[in-house]
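Right, one structure below, let's go through it.
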Amino acid sequence: MENTQKSSKAVTFLTVLIVILLIVLGGLTVVYFQQKKEAQENETQLMAEKDSISRNLLNLMNDYGELQTDNDSLNQRLQREQDHAKKMYSELQTVKRVSYAKIKEYQKELGTLRSIMKDMLHDIDSLNTMNKALIAENIKVKEEAATAKQTVKNLEQKTDSLNQQVAKGSVVKARSVVTMGVNSRGKEVTRARRVDKIRACFTLSENLIAKPGQRDVYMRIVGPDDFLLAKSESDVFEFEGQNIVYSANREVDYQNKDIDMCIFFDSKGDLLKGTYKVSLYMDGYLIGYSEFTLK
């Protein structure tokens, strides 16, 4: 009887113990699943934070890439910070699991990169503003220089025009030009075969602004066949930048007053019948012209 009671108490104790263990096990199971769920939620939240940081880094890299400046120092800083952002982005893509501590570290670096970019934007804006001011000033200086250059050019043109007018005004003209063929006794003849010389007589006109002194007057005679009558191809003078052959010449002492003179061309051989054209030159200008006809 006593043994039966002991056995009954042992069974009861074991039953109670099993029940308690089942309760504890049930509680542990609930706690386990709760912790597992919380861990999964935390992991999901951390991954979401990681993805958010990755997107922000990607946008930041694009923003860095759009910044432009001609300043070498700023370009180097831009490149350095852009490389830093790329390194962080690559690291985030390779990380499978992250901790709260790592997320905080990434967020801090992201904030630093944003702060640096804000400062660089301010520097670039300041530099661009300064460059615009310098460009505007440079344009103004160039415009003023162009205006001054144009003014000088206009003055030079006016000076050249005045000089040309003075030069033209100082030309001594030959008036009353009379040309003819003469024989050996100096008498006028009209038949070509009797001509020994061709004579051109004229008056050098008074010109008070012309330079006085010794001058050479040149005569060119063109025959009916349009050939120049000349003694030598080496007898030349300068006219309009070229050396041209003359038929005859004579030196004269011009003193700004009317002076009468004649120039002769010695004919060698028979002359052609027809009209002869005679031009007179002095100081590089054409000063007179005349024609005569031989039969």
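Every read-out reported here was derived from the displayed coordinates using simple, explicitly stated rules and does not represent laboratory data. Everything numeric in this text was worked out from a predicted model, so none of it was measured. We place every Cβ from the backbone using ideal geometry, glycine too, and count neighbours over all the protein chains shown.
Annotation: amide H-H contacts under 5 Å for Ala248 (H modelled 1.01 Å from N, sequence separation of 5 or more, or interchain): Met219. Annotation: the residues Val177, Val278, Val19, sorted from fewest to most other C-beta atoms within 10 Å of their own C-beta, follow the order Val19, Val177, Val278. Residues His84, His122, arranged from fewest to most other Cβ atoms within 10 angstrom of their Cβ, appear as His122, His84.
As a proxy for reagent exposure, ranking Ile103, Ile221, Ile23 by other Cβ atoms within 10 Å from fewest up yields Ile23, Ile103, Ile221.
Using per-residue counts of other Cβ atoms within 10 Å, averaged over each peptide, order 281-288, 238-245 from highest down.
Details: 281-288: 18.1, 238-245: 11.1.
Packing order, densest peptide first, comes out as 281-288, 238-245.
FRET efficiency for the pair Glu109 and Leu22, taken as 1/(1 + (r/R0)^6) with r the Cβ-Cβ distance and R0 = 51 Å, rounds to 0.50.
Quick one: compute the contact order of region 174-294, relative version, from alpha carbon pairs under 8 angstrom and 6+ residues apart, as a percent. Computed value for region 174-294: 33 percent relative contact order. The count of lysine pairs in region 198-295 whose Cα atoms are under 25 Å apart, excluding pairs fewer than 8 places apart on the same chain, comes to 9. The reciprocal of the average 1/r between distinct C-alpha atoms defines the Kirkwood hydrodynamic radius, which for region 174-294 equals 14.8 Å.
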